Structure formats: C-alpha cells, structure tokens
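Participant: Dropping a structure here in structure tokens format, bear with me for questions.
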Amino acid sequence: MAAQTLYDKLWQQHLVSEQEDGTALLYIDRHLLHEVTSPQAFEGLRLANRKPWRLETNLAVPDHNVPTTDRSRGISDPVSRLQVETLDKNCADFGITEIPMNDIRQGIVHVMGPEQGATLPGMTIVCGDSHTSTHGAFGALAHGIGTSEVEHVLATQCLIQKKMKNMRIKVDGQLAVGVTAKDIILAVIGELGTAGGTGYAIEFDGEAIHTLSMEGRMTLCNMAIEAGARAGLVSVDEITIEYLRDRPYAPQGEVWEQAVSYWRTLVSDENCEFDKEIVLDAGTIAPQVTWGTSPEMVAPIDGAIPTYEQMQTDAERKSLQRALEYMSLAPGTRVNSIPLDKVFIGSCTNSRIEDLRQAARWVAGNKIAENIKLAMVVPGSGLVKAQAEKEGLDKVFKEAGFEWREPGCSMCLAMNADRLAPGERCASTSNRNFEGRQGQGGRTHLVSPAMAAAAAIAGHFVDVREA
Amino acid sequence: MKKLTEWQGIVMPLDRANVDTDAIIPKQYLKSIKRTGFGPNLFDDWRYLDPGEPGDDHSKRRLNTEFVMNQSRYQGATVLLARENFGCGSSREHAPWALLDAGFRVLIASSFAEIFYNNCFKNGILPIVLNEEIVEQLFAEVLADPGYELAVDLAKQQICKPDGEVVNFQLEEFRKQALLEGLDEIGLTLQKADLIRAYESKRRQQVPWLFNAPGDI
Ligand code: SF4
C-alpha cells in the first residue's frame with residue numbers, strides 16, 4: 001500500500017461511502033455539544049420527527065454563557081440562562097449525556113473532552129465550534145461544523161465531506177526557555193496568513209512538537225483554524241498514550257492494551273507525501289504578540305509594528321491602517337512599549353493546568369502593575385481549577401491581585417458578563433483578536449500565558465526569555 | 001434546505017479583507033435559540049454607532065451613515081461583494097442566518113473561510129469565488145454605477161453583468177445540485193442507513209472500545 005499521511009488514514013477508516021466526484025459520507029465517532037450552536041439543531045430534529053442515531057457518541061456541556069463568578073444563584077442574564085436551560089432540556093428530552101453547569105467536570109468543551117478521555121486517538125470528532133481542531137492533538141480527525149451539520153450528525157452519525165489536502169508544518173530543534181506552543185502557532189500564522197491553511201488538514205511534526213506536552217499540542221491544534229485550516233493533527237506517541245491512561249472515558253484493562261496497539265499505528269508513514277510543507281527552526285521563534293485585528297498581525301516581543309513603507313500593496317496599507325486605527329497604535333511602535341489595561345488568562349487555547357503553572361511562575365511574589373485595572377484567571381474546567389488549588393496556584397494569583405474565577409469561555413468571546421469596555425487594551429491568552437471580540441471597542445493582544453502573566457506584573461509587554 | 005436557481009439583485013460592496021464571523025454577527029446575538037431575526041444585527045458593530053443587546057429596538061439606534069449598508073444607494077441589496085477570506089473565524093451558522101435574514105442570497109469574494117462557505121449552502125445562500133482581478137473590476141463597476149445589479153444563473157454557473165458581459169464561476173457539483181433542488185440532506189443520508197449500519201458493525205470488531213454500552217460513552 002502506498003505511504004499514507006495520518007490524515008489519509010483517518011479519512012479512509014471513516015468512509016461509509018464515496019461517490020465518483022469525491023463526495024463522501026464520513027462516520028463520526030464523537031459529537032460534542034454546547035449551548036450556543038445546538039438549540040436550532042434540536043429544534044430541527046423535533047420538526048422532522050427524527051431521533052439521534054447513536055446516543056452514546058454525544059456529550060454536552062454548557063460553557064460559552066456560564067458566569068465565572070458565584071454560580072450558586074444561577075445565571076442572572078435571562079437570555080443566557082434560557083440558552084443554558086435549553087441545552088439542559090434538550091439533553092434530558094433526547095437522552096444525551098450532559099455535564100451540567102455546577103458539576104466539577106464542567107468546563108470549556110475542548111478542555112473537558114480530552115480531560116475526560118472522551119477524545120481518543122483515531123476518532124472522528126466534531127462539535128458546533130471551530131476550535132474543535134484542538135482534539136487533533138490526539139491523532140484524531142477533529143473539526144468544527146455549523147448548526148445544520150450538528151443536526152445532520154445527530155440524526156445520521158455521519159457528515160457529507162470532501163477530502164482535504166495534506167500540509168505538514170515541521171518544527172525542528174528546541175524552543176528557547178520561556179517560548180511555548182502558543183508562540184509556535186502564532187509564528188506559524190504570521191508566516192502562513194489566516195487563509196494559508198484553507199483546504200488543508202495541517203499535521204504538526206518535528207522535534208519541537210513531539211517534545212511538547214499534550215497541553216501544548218492542544219494549544220497548537222486549537223489555533224489551526226486561525227491559520228484557515230479546519231483540522232490540526234499531531235501523530236500519536238508515548239506522550240499521547242500516557243495522557244489518556246485512566247481517564248474516565250478511556251478504555252481500561254485488556255481493551256486498553258488493544259486500543260494502545262491500534263493507536264500506535266496512527267502516525268504518518270515514512271516517505272508519505274504532503275501537498276504543502278513548511279519547515280521552521282524552533283530556536284528562532286521568539287515570544288509572539290499580536291498587534292492588530294487578525295491573528296496574522298503578529299510580531300516577536302523584540303520587534304515592532306510594521307510601517308506603511310513595509311507594505312507591498314494598497315490593500316495591505318489599507319488593512320494596516322484600519323487595524324492600527326482600531327487598536328489605537330502607531331506604525332513602528334516597539335511591541336514591548338505597549339501599555340495594558342487588562343489581562344485575561346483563559347480560553348480553550350490556554351487554560352489547562354500547565355498554562356496556569358507557567359503563568360503562576362511569573363506572578364509568584366509579585367503584584368500586578370498599577371495601570372492594570374483587572375487581571376483574571378479563568379481555569380478551563382472545574383477539574384483544572386481544583387488541581388490548581390491543590391497546588392496553591394490560586395493563592396499565588398490572588399496574592400498578586402488577580403481574580404480567580406469559575407471555568408468557562410469568559411472573556412475569550414465575552415458572551416457572559418466578562419468583557420472589555422470600549423477602548424480597553426487587553427493581553428489575552430485566547431485565540432482571536434478580531435474587532436469587538438472581547439467586548440465592543442475592546443483591543444486584544446494575543447500572547448502565551450507566561451507573556452500575559454509577565455505583562456500583568458510589568459504593566460506592559462516584556463520578554464519572558466530575559467528572566 | 002432553501003432552493004436557489006436564479007437570482008438578480010442590487011450589489012453591496014464591502015471593501016475589507018478577512019471579514020470575520022464576529023463582525024458579521026456579534027456574540028451577544030448568539031444567545032438566541034432561533035434561526036431567524038438576526039437581520040437587524042448583521043454587521044452590528046459597523047452599522048450602528050451605539051452598542052446593542054438582544055431585545056433592543058434596533059430601529060431606534062443611531063446609524064453609522066458611513067457604513068455601506070446605511071447608504072441609500074445600497075438599500076434592498078441582495079448580492080454582497082466582499083474581499084478575500086470572507087467569513088473567517090467561528091463556525092456560527094448565525095452568520096449566514098443573519099445575511100439571509102437581511103436579504104442576501106448571493107455572496108461574491110476572492111475566497112471564503114471553509115466552515116462559513118459550507119454553512120452558506122445549508123441555508124440557500126450561494127457563495128461565489130472569483131479571481132481577484134474580476135473582484136477588483138466588480139468593485140470598480142459597483143462604485144461607479146448606483147443601482148448596479150448582477151444576475152446569477154446557478155445551473156449555467158454564470159453571472160451576467162449590466163453591460164451584458166458574462167462571468168463564469170466554478171462550484172462543486174454536489175453543492176450545486178443541493179442548492180438547485182433544495183435537497184433535504186439528512187433525508188438523503190438516511191436513505192443510506194443500511195450502509196451506515198454495515199460500517200458500524202465492521203467498526204465494532206476493529207475498535208470495540210468506541211462501542212461501549214449506551215450512556216457509557
Ligand atoms: S474558549 Fe473561546 S474559542 Fe474556545 S470555545 Fe470558548 S469561546 Fe470558543
């Protein structure tokens with residue numbers, strides 16, 4: 001058999017049928033749901049008098065709308081409350097397993113899934129959420145879908161798909177101390193552009209990738225979508241397997257052994273061909289900071305915002321101007337001189353235990369700077385929060401002046417009460433710096449947890465390699 | 001699914017690259033549990049000067065007269081002309097729902113983000129990809145000619161300009177058929193129920209841990 005990429009294997013193993021034009025019916029092993037993109041899908045099922053095809057593949061959790069402050073009295077915003085209650089009701093009516101808001105396992109869907117072992121190598125995983133690409137870190141084919149497809153998967157356990165192309169991003173060598181997976185992916189997006197991955201499944205490979213923890217790999221694959229690719233992938237290795245051992249939904253005992261020997265086959269064959277390949281040297285990657293309104297508008301911490309003279313075309317000049325106007329920044333500004341108002345450590349990109357540990361290291365024994373109006377940590381799940389508290393990280397953050405919150409999406413997209421006021425500037429560990437993303441008129445700079453924490457203490461961006 | 005065969009309408013130009021789904025429909029409106037009613041909030045942050053929340057009377061908000069949607073010459077537009085990577089960002093189908101609710105049935109750009117592109121077809125919206133020169137040319141023509149309209153014939157995969165010039169466009173056959181016939185995709189897939197079951201029983205042998213008892217995941 002010809003050498004295959006990991007994506008080729010996953011695709012082939014899930015084909016239910018294929019037409020001559022390449023349109024295929026692909027089987028879905030795991031369907032994750034949250035409250036924002038599912039209500040209309042359930043309504044569709046009811047209207048057509050249809051039932052879920054295979055109940056046990058579905059797992060739901062509310063995350064986008066949940067408050068991150070005291071939840072004992074429920075959600076005060078009536079519109080958010082209705083959406084979460086609608087998820088509760090839909091899951092109860094159709095018999096779908098849901099982790100409700102006040103369960104300790106509740107969290108951002110892309111944190112909860114892997115944590116529970118509901119994300120396994122070799123699966124196809126979908127969710128009505130573009131950051132489903134996160135789960136590709138486990139050697140699974142995972143991508144976001146719209147609400148019509150949520151309904152399609154519920155009703156048929158399949159999706160109508162066309163095969164993507166293969167891209168490999170190889171990161172050789174080792175990262176400098178203080179440089180993380182977040183910096184790799186931001187540097188990649190800076191190189192590739194936000195549409196550079198369109199039409200591809202991106203496999204991340206190379207020494208710098210396979211030495212990353214699962215948390216780091218999830219951060220990488222999470223932002224494949226910001227490079228335009230629906231799916232990111234990392235092939236299975238010992239680190240993948242060790243992460244999954246004894247997770248609640250992972251196979252146990254004899255079946256575990258059987259699963260592991262299958263999982264070990266989930267790697268791209270030697271000599272397989274990729275349609276596009278990019279090679280980076282990890283040693284040259286500096287901590288990254290976005291300065292504009294698209295994730296590709298990014299610069300190294302020791303760099304500067306571009307100038308109009310550096311732009312090649314009129315369109316580029318126009319978009320630079322628009323972005324800088326919105327961000328209220330001048331061309332040529334040094335990245336480390338940008339002052340901040342708020343700091344947000346959280347989101348499905350960077351809210352796992354390792355992220356919190358990295359941030360805490362910068363915070364320990366310090367106080368947040370005077371110009372920082374609010375610095376908050378929002379753990380990715382109740383279990384991450386509990387683990388962090390066991391390690392005393394909550395105290396480290398609180399003593400420095402950070403707020404320590406309940407898990408959820410929070411100020412990643414500001415659907416709940418956590419948001420920026422117009423004009424406020426935020427260092428954020430999330431994944432999107434679009435206009436208004438963290439609150440209307442708010443200005444977002446995307447960074448790693450270490451960079452966000454160090455910025456909270458200094459009041460502006462600093463180079464975490466220089467400690 | 002809504003059908004679309006032929007379409008003619010006023011063209012509204014949106015001269016920005018990388019228009020994301022947060023710009024198309026901001027997050028506060030995603031709290032709705034319906035598919036309709038998003039029209040007044042299409043491009044909300046650009047369209048209004050004051051902030052809006054679900055349940056507000058949006059007709060009372062202050063309009064940003066600079067924004068194309070508020071200019072009289074583009075009233076009633078049903079064709080949107082945009083730049084590269086339109087619809088990037090989230091998977092929210094609320095983005096095509098908002099466009100549809102505001103009357104747009106045809107979108108033209110040099111590229112679209114994948115999930116958004118796919119979501120359009122599920123809602124009877126035709127996203128057309130044209131090369132950058134043609135898009136540039138269309139921008140120039142729309143700006144020069146108030147009331148500029150385009151006519152689209154999906155079966156022929158053609159756009160007809162006011163001067164009679166015809167532009168051909170590409171699109172995958174299965175998407176075209178689904179839109180032309182307004183197919184119920186779920187119904188079609190369910191016709192293959194036997195194939196799906198056959199796949200499942202084969203898979204159950206190979207990866208039994210994915211087929212535990214119901215509720216057990
Ligand atoms: S944390 Fe942000 S990006 Fe992740 S699922 Fe929630 S809203 Fe989406």
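Participant: Give the share of C-alpha pairs in each 10 angstrom bin for chain A, from 0 to the last occupied bin, in whole percents, shortest bins first.
Facilitator: Histogramming chain A at 10 Å steps yields 4, 21, 31, 27, 14, 3, 0 percent.
Participant: Please compute the Kirkwood hydrodynamic radius of region A:287-334 from all pairs of different C-alpha atoms, in Å with one decimal.
Facilitator: 10.7 Å
Participant: Highest mean first, how do A:178-189, A:14-25, A:446-457 rank when packing is the count of other Cβ atoms within 10 Å averaged over residues?
Facilitator: Final packing ranking: A:446-457, A:178-189, A:14-25.
Participant: To continue, here is another question. Sum up the charges of everything whose Cβ sits under 12 Å from the Cβ of residue A:405, counting Lys and Arg as +1 and Asp and Glu as -1, but leave residue A:405 out. If you can, show how the numbers build up before the last one.
Facilitator: Numbers: positive: A:71, A:385, A:398; negative: A:70, A:394, A:403, A:406, A:418.
Residues close to residue A:405 contribute a combined charge of -2.
Participant: While we're on this one: From other protein chains only, count the Cβ atoms within 10 Å of every residue's Cβ in A:71-83, then give the mean.
Facilitator: Per residue, the average neighbour count from other chains is 2.
Participant: Right, next: Quick check: Cα centre of region B:1-48 to Cα centre of region A:152-206, how many Å?
Facilitator: Value for the Cα centre distance between the two parts: 28 Å.
Participant: In addition: Return the calculated 222 nm mean residue ellipticity for chain A, to the nearest 500 deg cm²/dmol, obtained by summing -39500 (n - 2.57) across DSSP H runs with n ≥ 4 and dividing by the residue count.
Facilitator: Estimated from H runs of four or more residues: -9000 deg cm²/dmol.
Participant: May I pose another question? When the helix-only estimate is applied to chain B (DSSP H runs of n ≥ 4, each -39,500 (n - 2.57), divided by the residue count), what is the mean residue ellipticity at 222 nm, nearest 500 deg cm²/dmol? Walk me through the numbers before you get to the answer.
Facilitator: Working: 8 runs with 66 residues, N = 217.
The per-residue figure over chain B is -8500 deg cm²/dmol.
Participant: Report, in whole Å, the centroid distance computed from the Cα atoms of region A:1-53 and region A:240-285.
Facilitator: 22 Å
Participant: Counting DSSP beta bridges in the protein assembly as shown, what percent are antiparallel, to the nearest 5?
Facilitator: Looking only at bridges with both residues in the protein assembly as shown, the antiparallel portion is about 30 percent.
Participant: So if each residue of separation counts as 0.36 nm, and I subtract the Cα-Cα distance between residue A:210 and residue A:2, what length gain in nm does that give?
Facilitator: 72.4 nm
Participant: For the pair residue B:180/residue B:192, report the inter-label distance in nm, with labels modelled 7 Å from Cα in the Cβ direction.
Facilitator: 2.0 nm
Participant: With θ set to phi - 60°, apply the Karplus curve 6.51 cos²θ - 1.76 cosθ + 1.60 along region A:331-336 and write out the HN-Hα couplings as whole Hz, x wherever there is a Gly or Pro.
Facilitator: x, x, 4, 5, 4, 6
Participant: Report the Stokes-Einstein translational diffusion coefficient (µm² s⁻¹, integer) for chain B, Rh taken as the Kirkwood radius over Cα pairs, at 20 °C with viscosity 1.002 mPa s. Mind dumping the intermediate values first?
Facilitator: Details: Rh = 19.1 Å.
D, rounded to a whole number, is 112 µm²/s.
Participant: Please list, in order along region B:72-79, the HN-Hα scalar couplings obtained from phi with the Karplus expression 6.51 cos²θ - 1.76 cosθ + 1.60 (θ = phi - 60°), rounded to whole Hz, x for Gly and Pro.
Facilitator: Whole-Hz 3J(HN,Hα) from phi for region B:72-79: 4, 5, 9, 4, x, 4, 10, 10.
Participant: How big is D, in µm² s⁻¹, for region A:239-381 by Stokes-Einstein at 37 °C and 0.692 mPa s if Rh is the Kirkwood radius over C-alpha pairs?
Facilitator: In µm²/s, the coefficient is 164.
Participant: For residue A:250, which sequence-distant residues (separation of 5 or more, or a different chain) have an amide H within less than 5 Å of its own amide H, given hydrogens modelled in the peptide plane?
Facilitator: Placed amide hydrogens put nothing under 5 Å from residue A:250.
Participant: Ignore the peptide's own chain and count Cβ atoms of other chains within 10 Å of each Cβ in A:213-226; give me the average, rounded.
Facilitator: 1
Participant: Per residue of B:91-101, how many C-beta atoms from partner chains lie within 10 Å of its own C-beta, taken as a mean?
Facilitator: Partner-chain Cβ atoms within 10 Å, mean over residues of B:91-101: 4.
Participant: Separate question: Please state the relative contact order of region B:1-137 as a whole percent: Cα pairs under 8 Å, 6+ residues apart?
Facilitator: Details: 266 pairs, mean separation 42.2, N = 137.
After rounding, I find 31 percent.
Participant: Could you compute the FRET efficiency for residue A:284 and residue A:403, with r as their C-beta to C-beta distance and R0 at 41 Å, rounded to 0.05?
Facilitator: 0.70
Participant: Can you run phi through the Karplus equation (6.51, -1.76, 1.60; θ = phi - 60°) for region A:401-407 and list ³J(HN,Hα) in whole Hz, with x for Gly and Pro?
Facilitator: x, 7, 8, 10, 10, 7, x
Participant: Still on this structure, I have one more. Amide H of residue A:298 versus every other amide H placed in the peptide plane: which residues, excluding those fewer than 5 positions away on the same chain, fall under 5 Å?
Facilitator: Amide H neighbours of residue A:298: A:291.
Participant: If you average the alpha carbon positions of region A:410-467 and of region A:86-105, how far apart do those two centres end up, in angstrom?
Facilitator: With region A:410-467 and region A:86-105 each reduced to a Cα centre, they are spaced 31 Å.
Participant: Given a cut-off of 26 Å, name the pairs among B:27/B:192; A:182/A:318; A:276/B:3; A:162/B:192; A:165/B:3; A:373/A:398 whose C-alpha atoms lie farther apart than that in the structure shown. Display every interim value, and only then the final one.
Facilitator: Numbers: B:27/B:192 37 Å; A:182/A:318 28 Å; A:276/B:3 37 Å; A:162/B:192 17 Å; A:165/B:3 30 Å; A:373/A:398 14 Å.
Too far apart for the 26 Å limit: B:27/B:192; A:182/A:318; A:276/B:3; A:165/B:3.
Participant: Moving to a separate point now. Amide H of residue A:16: which non-local residues (sequence gap of 5 or more, or other chain) have their own amide H closer than 5 Å, using H built in the peptide plane?
Facilitator: It is A:25, A:26, A:27, by chain and number.
Where a number appears in this text, it was derived from the coordinates with a stated rule and is not lab data. No experiment lies behind these values; they were computed from the predicted model shown. Don't worry about glycine lacking a Cβ; one is built from the backbone with ideal geometry, like all the others, and counts go over all protein chains shown.
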